[in-house]
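Worksheet for the structure shown next.
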Amino acid sequence: MYVFLILTTWSLLVGAVDITSKNLSLTLNPEVIPAEYVQSYVKTVNSSIEYVFLYPEIDNNSTARINVQSNATSEKPLLVVVKQKKGILSWQIPLFIESKNTNTQWYNKTSRTLCSLKYYKQLNQIKLDNSNVIVSIFTSSELPVFFNLTVVLENDFYLGLGETREITISPSEPRYYGYSFSNQVESGSVLMKIESDSDTCMTVAIQNTTCPVFDLERNIQFSRYWQTVSQLGGITIPKEIYPSGFFVVLVLKGDDTDCTDQTGSVLRSKIVKLSITPNITKREGIKSALIAFIIGIAFFSFYIIGVITHNVRLRRRLRQQLTDELETPSRPEELLTPEIEEAGPRYDDTLNDDSSLDEDDIDMLDDAFSDKEIIRTRKVLAVSDLARKDPKILRHKSRLYLYYLGTIAVFYALPVVQLVATYQNVLHVTGNQDLCYYNFLCSHPFFWFSDFNHVFSNFAYILLGLLFIILTYVREQNDREYEEKKKSYGIPQHYGLFYAMGTALMMEGLLSACYHVCPNHSNFQFDTSFMYIISVLCMVKIYQTRHPDINARATVTFAVLALMIFLGTVGVLNDTDYFWIVFTLLHLIVCLSLTAQIYYMGRWRLDKGLVRRVIMTFRHDARAGVIHLLRPMYGGRLLLLVIANLCNVAIAVLGNMHHEKDFATFLLAVLMLNLLLYTFFYIVMKLCYRERILLQPLCYIILSFITWGFALYFFINKSVSWSLLPAQSRRYNMPCKLLNFFDFHDIWHFLSALAMFFSFMVLLTLDDDLEDTHRSQIPIF
């Protein structure tokens, strides 16, 4: 036992002596060198020596940049420590930069900028003397290691307003510069802009003027604001957030994955142009917004005044006509019922006694089939054949669109508002400018919004939607004064659909504003959902015009819309080739089904007896002769429908070839194209039946074409693209174009709102020429 204790003690003593000898052998011999700025110092160092470079005093308002180059290895790196009176900065050479898809990159040339002492929070209230800059360089390598040290004063550290500076950066040579608002008299904001001809990925950040500065890739995201940049970037910096100024930090990334989804070149260097330009003040921004809003209110007011004036004149003229008729003695034959009334069935005779408020009773064709001798023996059906329901029932059914839409709008909008509010809060907390796809060159922070102008410009949809609802109400009240005449003359009006269209336009403005709070790939559906609804409601309205009794039920319509929104969600989340194939097949099948529905004027049904009916019809036509078999019953209608189907096939092919992972926009394009085709079909068929287009709807048609044309121009010349990565999307960023406050997308909001309003007015007034035409003389198509 004693022998064991003695041996253990002896071994511990020997180990201690060995460790002491090793530590003594690793003792560094410091060599202090009085150094001068700008001068290069080329030395060799090993584990036995440490170089300490003592630089002259530097003013507390100035800073310096340290450049060190060495041939050290990663196993035995060169260590660089820079000491100031209240700060220390250290790194190693080679400096390793992480890369997501490649091996770690090592850089033997490094450059860092010192933080001025006046920016240390602890020293803000203490008056300091000038301090020295001390640079210590040492290594653990036994072999000699070469290094080259240069320290230069940064005399151009502060950026000037309106100044453009060309800067070269690399992953191991980040740069940052300061800006002070002291020279800017008016309170407001400035725009920091980055431009480059290179696609090499970098991060630009805005930080408070405090030390330490986060100027490495691993810590730059702790900045107040930061974003990835390839060729173009910008951040609007309000003075109220940075009253003392800010730092602009430029860091080149280790690869290009965050900007282009590719690793990029191994040799990484980038030349950028950095500029600070004045932005508009809050007062100027409010003035620009008020100008746009006043123009909208003026348009709204003049339109209302015009409608009121027109109604007053119309009532005065009608009263005068009634007075003239009462004063003029009538001959007995003039009191007879006009021949045109006798040509059509009387309303009271065609009204079913068992009509109810049941939607199944409204929508099915049972009433039309009850008079099969009339329906099936006439080649051209009249509106009177499909307008046999009680107007109260039709009015109730039409109102259901508005009720369902209002319910959907409330339940849809509330979670949307909550979600985008969360997005905005996350943006403020994290400073991640890649979260939202703004046009950073025309993005004006105001109140709680980071991009107020794109949110505000959606007021046009709300204002014009409200105007359309008012015009619809006025028209409905005018029609009620002549309700008895309206029972047999003109197109039966379903004003509930028009109210739903106006409400949908207002909701489009609200949800588009919510989307623009933080536009990105995940919430783009907020901006398109009610555009889907508007497109479908317009098509339903066009079909209802000549098919009053067999119009689609509101429940079925909104079920179809729910399916569309579901497909839009799946397309955004799972944008694969298989999904596009399935959607294309579904798209073309629906087109064929609607073609049959329109061609046979609602008398076509997809059921078990379809094949049998087709075979029987084919046999019957074959017995009548080959010419009768091949000749279509409705040649003009068939030609237009064939053209429409070819257009749908073309857009399906183009969508599969060039969809660019933007299914939501493609689905909207499909719906808008079919709405345009159906409107064109309706107008052409109207002219084919020698019906007139009055001056008012003609003006609306021309205005809608003009506004849609200009609106699409501004839409195509986009300022962002959420289908790309954030850095790629910023290539589309552009300066403000209107009132120094609005860009092309804001103008798209204004013009598209006008275009939809004029399009709605086309549908509201297109058949005004038929007001005095008996329904038995109005054809169905």
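The values are calculated or read from the model by the stated rules, or taken from the named source; none is laboratory data. Just so we're clear, the structure is a prediction, and the values are computed from it rather than from any experiment. Because the Cβ atoms are built from the backbone with ideal geometry, glycine has one as well, and the counts that use them run over all protein chains shown.
Some points to look at:
- Inter-residue pairs, beta-carbon under 9 Å, first over 11 Å from D662 (Cβ atoms) and in region 718-734, second of a type in the set (K, R) and assigned to a helix (DSSP H, G or I), 6+ apart: V720/R730
- When the criteria are applied in full, A513 meets the requirement of being crowded, with 23+ Cβ neighbours inside 10 Å and either more than 22 Å from the chain's Cα centre (by Cα) or assigned to a helix (DSSP H, G or I) (or both).
- Region 50-100: number of residues that are assigned to a strand (DSSP E or B), farther than 20 Å from T209 by Cα and touching an Asp or Glu at 6+ places or on another chain (Cβ under 6 Å): 1
- W604 at pLDDT 80 or above and of a type in the set (F, W, Y): no
- Unmet requirement for V720, which otherwise passes all of (1) among the β-branched types (V, I, T); (2) assigned to a loop (DSSP other than H, G, I, E, B); (3) over 23 Å from the mean Cα position of the chain (by Cα): (3)
- Selection over region 723-748 of residues that are under 13 Å from the mean Cα position of the chain (by Cα), charged (D, E, K, R) and over 19 Å from N279 (Cα atoms) gives a count of 0.
- Among residues of region 428-442, those that are over 17 Å from the mean Cα position of the chain (by Cα) and crowded, with 18+ Cβ neighbours inside 10 Å, counted: 1
- For region 362-389, the candidate set comprises residues that are crowded, with 18+ Cβ neighbours inside 10 Å and of a type in the set (D, E); within that set, the residue that is modelled with the highest pLDDT is D385.
- Complete set of residues in region 106-132 that are at pLDDT below 55 and of a type in the set (S, T, N, Q): N124, Q125
Here's the yes/no breakdown for (1) farther than 18 Å from F147 by Cβ; (2) modelled with pLDDT under 90; (3) touching a strand residue (DSSP E or B) at 6+ places or on another chain (Cβ under 6 Å):
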{"residue": "L12", "(1), (2), (3)": "yes, yes, no"}
{"residue": "G15", "(1), (2), (3)": "yes, yes, no"}
{"residue": "T20", "(1), (2), (3)": "yes, yes, no"}
{"residue": "L24", "(1), (2), (3)": "yes, yes, no"}
{"residue": "L28", "(1), (2), (3)": "no, yes, yes"}
{"residue": "V42", "(1), (2), (3)": "no, no, yes"}
{"residue": "E50", "(1), (2), (3)": "no, no, yes"}
{"residue": "P56", "(1), (2), (3)": "yes, yes, no"}
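- Taken as a whole, the condition of being in contact with a helix residue (DSSP H, G or I) (Cβ under 6 Å, 6 or more places away or on another chain), more than 24 Å from S265 (Cβ to Cβ) and assigned by TED's automatic domain parsing to the domain that holds V52 applies to K86.
- Residue check, A562 buried (at least 21 other Cβ atoms within 10 Å of the Cβ) and small (G, A, S): no
- In region 661-704, the residues that are charged (D, E, K, R), surrounded by 19 or more Cβ atoms within 10 Å (Cβ to Cβ) and under 34 Å from the mean Cα position of the chain (by Cα): D662
The rows are residues; the columns are (1) over 28 Å from E691 (Cα atoms); (2) without any contact (Cβ under 8 Å) to a residue 12 or more places away in the chain; (3) not assigned by TED's automatic domain parsing to the domain that holds W748.
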| position | (1), (2), (3) |
| --- | --- |
| P519 | yes, no, no |
| S522 | yes, no, no |
| K541 | no, no, no |
| T555 | yes, no, no |
| A562 | yes, yes, no |
| F583 | yes, no, yes |
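- When restricted to residues that are surrounded by 19 or more Cβ atoms within 10 Å (Cβ to Cβ), under 30 Å from V720 (Cβ atoms) and not β-branched (V, I, T), region 733-781 contains 21.
- Qualifying positions in region 545-579 - part of a loop (DSSP other than H, G, I, E, B) and among the acidic types (D, E): D575
- In the set (1) over 22 Å from L725 (Cβ atoms); (2) out of contact with any Gly (no Cβ under 9 Å at 6 or more places or on another chain); (3) among the charged types (D, E, K, R), D261 fails one condition alone, (1).
- The residue that is surrounded by the fewest Cβ atoms within 10 Å (Cβ to Cβ), among those in region 163-199 that are modelled with pLDDT under 85 and part of a loop (DSSP other than H, G, I, E, B), is V185.
- Residues that are under 42 Å from the mean Cα position of the chain (by Cα) and at pLDDT 80 or above, drawn from region 474-489: V474, R475, E476, Q477, N478
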